[in-house]
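Below is one structure, written out as C-alpha cells; comments come after it.
The values are calculated or read from the model by the stated rules, or taken from the named source; none is laboratory data. Because the structure is predicted, anything quoted here is derived from the model rather than measured. Cβ placement follows ideal geometry from the backbone for every residue including glycine, while neighbour counts extend to all protein chains displayed. Calculation scope for accessible area: heavy atoms of the full protein, side chains included, ligands and nucleic acids excluded. Shrake-Rupley method; radii C 1.70, N 1.55, O 1.52, S 1.80 Å.
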Number of protein chains: 2
Amino acid sequence: MTKRNIYLEDVPLAEARAKLQRALIAAGRAGPLAGERVPLAQALARVTAEPLRARRSSPHFHCAAMDGYAVDAAATVSARETLALALRLDEDAFPVNTGDPLPEGCNAVIMIENVNQADERTLLIYAAVAPWQHVRLMGEDMVATETVLQVNHLLRPVDLGALAGCGHQNVAVRRRPRVVIIPTGSELVPFERAPGRGQLTEYNSLILSAQIREAGGDARVTEIIGDDVTRLRVALQDALSQKPDLILALSGSSAGAHDYTAAAVTDLGELHVHGVAVRPGHPVIIGMAADTPIIGVPGYPVSAALTGELFVLPLIRAWLGLPPSEPTTIEAVTTRKIASPIGDDDFVRVALAEIDGRIQATPLQRGAGVITSLVRADGLAHIPRFHEGVDRGAALSVSLYHPLSAIRRTLMIMGSHDPMLDLLATYLRLRSTAARIVSVNVGSIGGLVALRRGEAHLAGCHLFDPESASYNISYLERYLRDEPVALVTFAQREQGLILPAGNPLGIAGIADLRRARYVNRQRGAGTRVLFDYLLGQHDLAPDDIVGYEREEATHLAVAAAVADGIGDCGMGLRGAAEALGLDFIGLMWERFDLAIPRRHLDTEGVQALLETLNDADFKRELGAQSGYRSDETGQRVV
Amino acid sequence: MTKRNIYLEDVPLAEARAKLQRALIAAGRAGPLAGERVPLAQALARVTAEPLRARRSSPHFHCAAMDGYAVDAAATVSARETLALALRLDEDAFPVNTGDPLPEGCNAVIMIENVNQADERTLLIYAAVAPWQHVRLMGEDMVATETVLQVNHLLRPVDLGALAGCGHQNVAVRRRPRVVIIPTGSELVPFERAPGRGQLTEYNSLILSAQIREAGGDARVTEIIGDDVTRLRVALQDALSQKPDLILALSGSSAGAHDYTAAAVTDLGELHVHGVAVRPGHPVIIGMAADTPIIGVPGYPVSAALTGELFVLPLIRAWLGLPPSEPTTIEAVTTRKIASPIGDDDFVRVALAEIDGRIQATPLQRGAGVITSLVRADGLAHIPRFHEGVDRGAALSVSLYHPLSAIRRTLMIMGSHDPMLDLLATYLRLRSTAARIVSVNVGSIGGLVALRRGEAHLAGCHLFDPESASYNISYLERYLRDEPVALVTFAQREQGLILPAGNPLGIAGIADLRRARYVNRQRGAGTRVLFDYLLGQHDLAPDDIVGYEREEATHLAVAAAVADGIGDCGMGLRGAAEALGLDFIGLMWERFDLAIPRRHLDTEGVQALLETLNDADFKRELGAQSGYRSDETGQRVV
C-alpha cells in the first residue's frame, strides 16, 4: 500500500492566486504573449498585439455621396430657379452613383432629383452648387496614420472591416496560450471507450480543453497516466519539452492521485500551493517547473470545472491581454438555508427564477461529483470566506450562466418530478420562446409548501387522499388555504412494485413485502403517501417493512437501487422499472397534476405551458409512453 | 447610361421581418435545421438537435465517496468506542481511494481518519458503520434514461463533460446554416489588393461572414460581380445550385447596384421587400428564389453591418433553434439632441461613460459610410419609428457592445483630440485594467463646456489667451467658474502651416496666406483660436483669407484636404503634415493640457491615467514623436 497523505493545506483563494501571480512574475510569464500575424479572414475573436493605425485613408479619394451628376461648381454659378442653366452631358456634367470617384475637374455633385433632362445630350439645373457639395471627402472615415484599434482589443466583425478598409490584409494578434492537459488516474478510461466495472469515464479533460478553447487558448490532451509517480514525472517532462504556457495535471478523484502530482511537481520544480480553501475544488495544486506553471486540478468534475473558472481562465485571459472576464452578477434571494464552511470560499450552484418580482435562488445538489448540478445551474452563488452560510430569504450574490432575460422567462416547477416533465419542456422549447422550464424535485408536499412560500410558479403533485378517494384537492386546502390555486392534470400514471429482473423472490403484491428488503421514497413524496396507504390496506405497519427507513428521492433512484441489489423491491412508476430493464407489477393508476397559483395563470409563460399541455402531438407522444395515459392531460380539475 | 431607379419603398422594419418570415414559412424554411452527428470534442458551441438522455448511469457502480477502507457493514456491528474491533487488512477491510469501486461483498466505507493500524495486517475500528455509509451510489449523478440536456441547447464545456459521463461519444447538433455571400459592384476590389484611384475596397463580405461565423453559421464569399444584371443572375443561379440556406447579395454603395439585385431576384423568383424604413440601412432587399431567401445588403458599411444584425443573425439563430439574441440594454442619458426621421427605426451609435452616477450617451458620427463610428461605439441606441428624435438630457435605450463593467471603467475625454491621446490609451491599456479611455472630439472650448455639463471626465484643450500670453487657465475661469478644476499638462506641440509637398506657392508664413486657399478649423478649436490671433498679429482679417469659412474638425482632416488639393494651406500639427508626406512650417510651440474637475481626481480611473502620464516609457515615446515635447508631461499646472 502506498503511503497515504491525508491532509492538505488550506490556502485562501486570494492568497493562492497571489502566489501563482508572484511565481509567474518571477518566471517572466505574467504578461501578455507575443504577437503572430494572421490574415484578416482568420482574425475574428483574436486579440490585437499592437495598436493598429490606418495604412491609407478611407475613402482614399473624393467620391460622390449621392446619386447624381458631378460638375465643376464654378461652372454652375449662373444657375437660378428662374433661369435654368444647360449643362452638356459627359462634357459639363457626368453621371455618378454614390461611391463613384469624382471625374477629373469636378468638385461637386448635383442630386439626381434636382436635374431635368432636356434631351439626350442636355441637362438643366436651377441652382448653383457650392464646391464639395454632396462629396464624400478623402479620409472621411479614416485618415492615414490615425489609430483605428487599440492593443489588446478582441476583434469583432466590424473591426475586421475597418482594418481592411484602411489597408490591412493581416493583423498581429496575441499567440494562443498553449496548454497541455495530462489526465491521471489508474481507474480512468477515455470517454470514447465504454468503462468496465471499477473504471470511471475520464471527461474532465473534455471540460477543461473546451473551457480553454472557448477562452481563446489551445489545449492538447495527452493519454491517461496511471497512478505512478515515475510515469507522471516522465509525462510532465514530456509536456515541458513542448514549451507550453501551462500544464494541467488532472487528478483522478482519489487523494492518492493528488499526492502523485504534488510529488512529481516537487521533483521537477517547486510546489507553491497544495490545497486551496474553496468548495468545491479544495485539492488544487499550484507549482512551477522550468518556468512553466503547473496546476493540479481535482478529480471531481464540479471541482475540476470550477478550478478551470477560478485559476485557468484568468491566466488565459491575462496572456491574451484581456481583463478578467466579468460575468453578470445579480442579487437573488435564497429559498433554502445554506450552510457553508467558515474557512472556505464556497461556490453554490443555484437554479433561478423570478417570482413575484424577486429573483429566487434554489441551491442544487452540492456533491462535487454531480456534474449535472453544474449543467442545470442557472448561476453560481459565492459565499465568501468568513461567512458561515446564509439563512432562507437572505440575499445572495449570483453570477449568471444564462442571460437575465432567460432567467426572467423561467417557469420554476417544484414538487414531485415526473420524468415526462422533460418531454413537456422539449415540446415547449420547440413551440415557444416565451418560457423555459426549470424543475426542482422536492416531493409533492414540498412543492405545495414552495407555492405557499412563493418559491415556485407551479408544483407537480400526485397526493392520494384516502378519505375522499381523490387526488390533490384536499391537500391544496390543507397547504394553500389562503391562495386561490388552479389544478391542471398532467397525466395518469401507473404506480406499482419495481422488482429485480425475473422477480427472484416471487413477489406478487404488497402482502409479500414482509419477506423483502424495501427501498422507500422520502417523506412528503406522493409515492410514499400512496405506499403508506397501501400498507394500511394490507394491515401492515412501517415496522414490518425491512428498509422502510432507507429513502431515495426519485423513481429512477429507487429503480437503480433495486437494479443494484441494494433492495429487493421498491414502489414507483412503470417507466422507471422498464428504463433499467426491471420487472414491474402494476398496482394502480394515479393522477399527476400541476398546481398553479391563479396569480401566475395569465402570465405569458404559464399560458405557453398550458397550450403545450394541450398540444395534440405532445398528448399523443405522452400517451404512448409505457405507464402513461394522457386522455385528461391539460384539463382543469379546479 | 442605364435606367436609373431613384425611389425605394419604405416598409417598416417589423413588417419587413414579418414578410420575410411568411415567405420562409411558405417555403418550409422557417424552422430549425436538421441535425448532424459530431464527436463530443468538436461539439462546443453547437446546438443540440434532440433531447439527450443518459445512456448509462453515472457512476455506473457503487464507489467510495471517501478515502478509507471498504467493509461489509454487518461485520462491524460489535465495534464500540470502548471496545475496538480488529479487522484483517485485505480480508475484512480493503483500502479504497475516493472513486474506487467497492470490492465484492463490501457495502460501506470507513473514513481513513477513523481507523488505527495496529500492525501491518490489522486495523482497529471503534464504531459500527451503517450500510452504504460514505458510498457514492450508482446513478448518484445521472440515472440511465434520464434527460440530461434539452433540445436546442447551446453546448458549453460542462455539458460536453456530462454527455461523456453518461455514455455519449458524439451528439446530434443542428447543421450550421450555409450562407453564400455575393459582393457586387464594378467599383470594388478585394481587400487583399490595393485599390487604384476610383476603386473601393470590398470589405463588407468580411464583416458579414464574420458575423455569420460568430453566430454559428458557415459563410462562403464568391468573387466580386460587376454591375451587370446578367452576370448577377448567373451568380445567383450558381449560388442557388449549391442549395444554401441563405444568399446575401452585397451591393456596392451605388443605388444602381441595388437595382441590379432587385431585377435579378425578380427574374429568378419573387421580390418581397425593396427598401426598409431603417436608418442606416434603408435599401435592404428581401426576396425568395427556389425556396431560398435572398437578402440584398446595402453597400455602406454601417448599413451592411446593421442589416446583418437586424435581418441575417436572427435567421441564423432561428435555424439553429436558438431564441433571438438579447444584448444587454440599459437606459442612458443623451448628451446631444438627436434628430431622427419620423418614419424610420433609427439606430444611433453612441459612446458611453458613467459620470456622476449616470450613464451618458454621446452620439458618434452618423454617416453610414463611417465604419469607425461602429468600431468606436460602446452601444447602439434605438429611436423607434414615430419618434422625431430626443432632446439633450432625455433617456435613451441603448443595447451594449461592451460589458457594463467596461462602460463603468470608461474615462470620457472630450475636447480637442490630440492624436497622441491614442498613445496614452495604449500605455494605459498595457499598464492597468482600471480604466479605458474613450475620446470624443468636440474642440477645446467644446470640451470645457462638456465638463461644465458633466458630460466628460476630462477635457483636452490648448487655448491661447493673448492677454495673459498663457494657455488654458483663463478659459477655465471663463467656462468653469463654479467648478474646481485641475489642469495637467499632456504635451508641448508644434503648430504651424501645413503645405503641399514641395510648397509650390512658396508660402513662408502667415503673411503669404493672402495668395492661398486656406483650410480652416471649426469654431471653438484651439487651433482656430490660435490662427485668429496670428491673423491679428499680421493685420489680417478673416475676409482676407480665401476659404476661411471652410472648416475641418481635426488636424489630420486639414492635412488630408491640403494633400488632396482642396486647399493650399492649413494650420495644424507637424505630425499631421508628416503623416501625409506634406511640407510644414513651424510657427510656435503650444501647451496641450487635460482639464479634470477635482471631484473626479481621486477616482481609480483618473489616478491610473495620471500614473500613466508620468510613466517614464510613455514620456520617452511621446517626446520622440515629431512635433512633440514631453518635459512637462504629467505636471500639474493648477
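Picking from residues in the range A:603-638 that are in a strand (DSSP E or B) and out of contact with any Ser or Thr (no Cβ under 9 Å at 6 or more places or on another chain), the one that is least open to solvent (accessible area, probe 1.4 Å) is A:Tyr628. In the condition set (1) more than 10 Å from every other protein chain (Cβ to nearest Cβ); (2) open to solvent by 40 Å² or more (accessible area, probe 1.4 Å); (3) touching a Leu at 6+ places or on another chain (Cβ under 9 Å), B:Ala172 is compliant with all but (2). Sub-9 Å Cβ pairs linking a first residue in the range B:543-554 that is within 20 Å of A:Gly139 (Cα to Cα) to a second residue that is of a type in the set (Asp, Glu), at least 6 apart or interchain, are B:Gly547/B:Asp568; B:Thr554/A:Glu146, ordered by first then second residue. When we screen B:Leu428, B:Leu374 for residues that are closer than 27 Å to B:Asp593 by Cα and either at pLDDT 95 or above or at the interface with another protein chain (Cβ under 9 Å from one of its Cβ atoms) (or both), the only hit is B:Leu428.
If A:Met66 satisfies all but one of (1) within 29 Å of B:Gly367 (Cβ to Cβ); (2) open to solvent by 30 Å² or more (accessible area, probe 1.4 Å); (3) of a type outside the set (Asp, Glu); (4) over 60 Å from the mean Cα position of the chain (by Cα), what's the number of the condition it fails? That leaves (4) as the condition not met.
Only residues that are more than 9 Å from every other protein chain (Cβ to nearest Cβ) and polar (S, T, N, Q) were counted in the range A:550-603, giving 1. So for the range B:433-442 (the condition being over 22 Å from the mean Cα position of the chain (by Cα) and not aromatic (Phe, Trp, Tyr)), does at least one residue qualify? Scanning the range B:433-442 turns up at least one residue that is over 22 Å from the mean Cα position of the chain (by Cα) and not aromatic (Phe, Trp, Tyr).
Please indicate, with yes or no, whether at least one residue in the range A:279-290 is without any contact (Cβ under 8 Å) to a residue 40 or more places away in the chain and either open to solvent by 10 Å² or more (accessible area, probe 1.4 Å) or charged (D, E, K, R) (or both). The answer is no, given that none of the residues of the range A:279-290 is without any contact (Cβ under 8 Å) to a residue 40 or more places away in the chain and either open to solvent by 10 Å² or more (accessible area, probe 1.4 Å) or charged (D, E, K, R) (or both). When A:Val71, A:Val96 are checked against the criterion of being among the aliphatic types (A, V, I, L, M) and closer than 30 Å to B:Leu364 by Cβ, a single residue qualifies: A:Val96. Yes or no: the range A:134-153 includes at least one residue that is more than 9 Å from every other protein chain (Cβ to nearest Cβ), surrounded by 21 or more Cβ atoms within 10 Å (Cβ to Cβ) and of a type outside the set (S, T, N, Q). So far as the range A:134-153 goes, yes, one or more of its residues are more than 9 Å from every other protein chain (Cβ to nearest Cβ), surrounded by 21 or more Cβ atoms within 10 Å (Cβ to Cβ) and of a type outside the set (S, T, N, Q).
Residues of the range A:390-407 that are within 14 Å of chain B (Cβ to nearest Cβ) and closer than 19 Å to A:Ala450 by Cβ: A:Ile407 alone. Going through (1) at pLDDT below 95; (2) of a type outside the set (Ser, Thr, Tyr); (3) touching a Pro at 6+ places or on another chain (Cβ under 6 Å) one by one, B:Asp245 falls short only on (1). Looking at the structure I just gave you, is B:Glu15 part of a strand (DSSP E or B) and more than 14 Å from chain A (Cβ to nearest Cβ)? So B:Glu15 fails the test.
Considering only residues of the range A:479-514 that are of a type in the set (Lys, Arg) and in contact with a strand residue (DSSP E or B) (Cβ under 9 Å, 6 or more places away or on another chain), which is surrounded by the fewest Cβ atoms within 10 Å (Cβ to Cβ)? For the range A:479-514, the residue satisfying everything is A:Arg514.
Of all the listed residues (A:Leu44, A:Leu33, A:Leu20), the sole one being part of a helix (DSSP H, G or I), at pLDDT 95 or above, surrounded by 18 or more Cβ atoms within 10 Å (Cβ to Cβ) and among the aliphatic types (A, V, I, L, M) is A:Leu20. Scanning the range B:184-211 for residues that are open to solvent by less than 10 Å² (accessible area, probe 1.4 Å), at the interface with chain A (Cβ under 7 Å from one of its Cβ atoms) and among the β-branched types (Val, Ile, Thr) turns up just one, B:Ile207. Residues of the range A:548-567 that are modelled with pLDDT of 90 or more and either touching a Phe, Trp or Tyr at 6+ places or on another chain (Cβ under 8 Å) or of a type in the set (Lys, Arg) (or both): A:Tyr548, A:Gly567.
Scanning the range B:587-602 for residues that are open to solvent by less than 60 Å² (accessible area, probe 1.4 Å) and closer than 20 Å to B:Ala459 by Cβ turns up B:Glu590, B:Arg591, B:Phe592, B:Asp593, B:Leu594, B:Ala595, B:Ile596, B:Pro597, B:His600, B:Leu601. Test B:Ile181 against the criterion of being open to solvent by 30 Å² or more (accessible area, probe 1.4 Å) and touching a strand residue (DSSP E or B) at 6+ places or on another chain (Cβ under 6 Å), and give yes or no. So B:Ile181 fails the test. The set of residues in the range A:221-239 being part of a helix (DSSP H, G or I) and open to solvent by less than 60 Å² (accessible area, probe 1.4 Å) consists of A:Val229, A:Leu232, A:Ala235, A:Leu236, A:Ala239. Scoring B:Asp67 on the criteria (1) of a type outside the set (Phe, Trp, Tyr); (2) touching a Pro at 6+ places or on another chain (Cβ under 6 Å); (3) closer than 14 Å to B:Gln133 by Cα leaves a single failure, condition (2). Residues that are under 15 Å from B:Val546 (Cα atoms) and either of a type in the set (Ser, Thr, Tyr) or free of Cβ contacts under 8 Å to residues at least 12 places away in the same chain (or both) within the range B:512-527 comprise B:Asp512, B:Arg515, B:Tyr518, listed in sequence order. Condition test on A:Val529, is it more than 12 Å from chain B (Cβ to nearest Cβ), within 23 Å of A:Val449 (Cβ to Cβ) and either touching a strand residue (DSSP E or B) at 6+ places or on another chain (Cβ under 8 Å) or not in a loop (DSSP other than H, G, I, E, B) (or both)? Taking the combined requirement at face value, the residue satisfies it.
Is at least one residue of the range B:544-552 over 10 Å from B:Ile498 (Cα atoms), among the aliphatic types (A, V, I, L, M) and either open to solvent by less than 30 Å² (accessible area, probe 1.4 Å) or not in a helix (DSSP H, G or I) (or both)? For the range B:544-552, residues over 10 Å from B:Ile498 (Cα atoms), among the aliphatic types (A, V, I, L, M) and either open to solvent by less than 30 Å² (accessible area, probe 1.4 Å) or not in a helix (DSSP H, G or I) (or both): present. Considering only residues that are away from chain B (no Cβ under 14 Å), in a helix (DSSP H, G or I) and either hydroxyl-bearing (Ser, Thr, Tyr) or in contact (Cβ under 8 Å) with a residue 60 or more places away in the chain (or both), which ones fall in the range A:47-86? Across the range A:47-86, the qualifying residue is only A:Thr76. Considering the range A:294-407, the qualifying helices (runs of 4 or more DSSP H), each wholly inside and each with 1 or more residues that are open to solvent by 10 Å² or more (accessible area, probe 1.4 Å) and under 30 Å from A:Thr48 (Cα atoms), run over A:313-320. Inspect the range B:247-256 for any residue being among the polar types (S, T, N, Q), open to solvent by 10 Å² or more (accessible area, probe 1.4 Å), over 28 Å from B:Arg317 (Cβ atoms) and within 13 Å of another protein chain (Cβ to nearest Cβ) and give the result as yes or no. Yes - at least one qualifying residue is present in the range B:247-256.
Residue count for the range A:264-286 under the criterion of being at pLDDT below 90 and either part of a helix (DSSP H, G or I) or closer than 13 Å to A:Asp345 by Cα (or both): the result is 2.
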